[in-house]
Amino acid sequence: MISKLSREDRIIWIDPREADDLIALLRLVGITCGAPTAGTQPGEVCIPLPDNAGDSELSRAEAILSEFNRMRSTRAMHQAQEN
């Protein structure tokens, strides 16, 4: 599952196994986020961002999420090569 951010809804959808890692990264760069809740699809959770999150905060969240997805993809590729 590729994690994604809805700027309009201020929600990040992510695999529940990776939610804590992403929340830690977001908080590390000063992005406030809520606790993960069940998503609309099986195997996903939603991480809410505050309603008052501005463009710069949303842009930082998008950048972190993009790098997070890239790292996860690279890790999966390396694991597949090892097997």
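Just so you know, all these numbers are worked out from the coordinates, no wet-lab data involved. Because the structure is a prediction, the values reported are computed rather than measured. A quick note on method: Cβ atoms are made from the backbone with ideal geometry, for glycine too, and the neighbour counts reach across all protein chains shown.
Things worth noting here:
- Modelled spin labels at Glu62 and Glu82, positioned 7 Å past Cα toward Cβ, are 3.4 nm from each other.
- Principal-axis tilt of helix 19-28 within the chain, Cα atoms, nearest 10 degrees: 50
- Those residues of region 1-31 whose amide nitrogen sits under 16 Å from the label point placed on Asn52, 7 Å along Cα→Cβ: 31
- Acute angle (nearest 10 degrees) that the helix 55-82 long axis makes with the longest principal axis of the chain, alpha-carbon atoms: 10
- A dipole drawn for the chain from +1 and -1 charges on Cβ atoms has a positive end, and of Pro48, Thr37, Ile23 the residue lying farthest that way is Ile23.
- Taking a sphere under 12 Å around the Cβ of Asp15 and counting the other residues whose Cβ falls inside, with K and R at +1 and D and E at -1, yields a net charge of -1.
- Sites Ala35 and Arg70, calculated FRET efficiency, Cβ-Cβ separation with R0 30 Å, nearest 0.05: 0.75
- Calculated from the alpha-carbon coordinates, the chain shows an Rg and a Dmax of 13.0, 45 Å respectively.
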